[in-house]
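Here the structure is laid out as structure tokens; the discussion comes afterwards.
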Amino acid sequence: MAMSGYWWECSCGNQTKSVHGKGGQIPTFIRRSIIESGFDQKLLVQPCPKCKVHAPMRITYHFPRNVRETVQVLHIVGLDGGDGGYVPMLWETMPKSSPSKRWFHFNYMIKQSPWGLNKAAVLSLEDIRRLLELYGTKTGRSLPFSFARAVGK
Ligand SMILES: [Zn+2]
């Protein structure tokens, strides 16, 4: 099972493997830009060098299901302890086969390793509550279902 397959992709079809700015590979980019910026959501879209004005490029990867899905990252928030170590995260993605759907992944990163990006984070209710709260703060949207209430929101 490949765990290194992340790239930037635009809806025009343009793909790239390299990442501008800090880092070069997506996991490094997530640590050094997304996490270290305090989860600046603007960094999750990059201008497409082909169609410039139109759709932005987003982090894209294959997600294993019964039928492998390709998903694009819309939002990432996480609980950064500030020590460069363990950061449990909530990723919101969009399956390319059904772009109106939204999926939510609880995963994690330790240092700059991509290992935890395909693993499930194990979270306390308090951590889930903090992640949902941070999601609301960083995206300006709250998750509209009773799960948030169930964990104390
Ligand atoms: Zn494009």
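The values are calculated or read from the model by the stated rules, or taken from the named source; none is laboratory data. Since the structure is predicted, the reported quantities are computational estimates derived from the model, not experimental observations. Cβ coordinates were reconstructed from backbone atoms using ideal geometry, including for glycine residues, and neighbour counts include every protein chain displayed.
Structure summary
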item: Residue match in region 21-31 (condition: within 16 Å of the ligand (Cβ to nearest atom) and either modelled with pLDDT under 60 or not in a loop (DSSP other than H, G, I, E, B) (or both)); result: no
item: Residues being modelled with pLDDT under 95 and closer than 19 Å to Gly136 by Cβ - total across region 65-101; result: 0
item: Residue ID - nearest to the ligand (Cβ to nearest atom), chosen from residues in region 32-81 that are outside any strand (DSSP E or B) and in contact with a Pro (Cβ under 8 Å, 6 or more places away or on another chain); result: Cys48
item: Residue within region 114-123 that is of a type in the set (S, T, N, Q), modelled with pLDDT under 90, outside any strand (DSSP E or B) and exposed (fewer than 14 other Cβ atoms within 10 Å of the Cβ) present; result: no
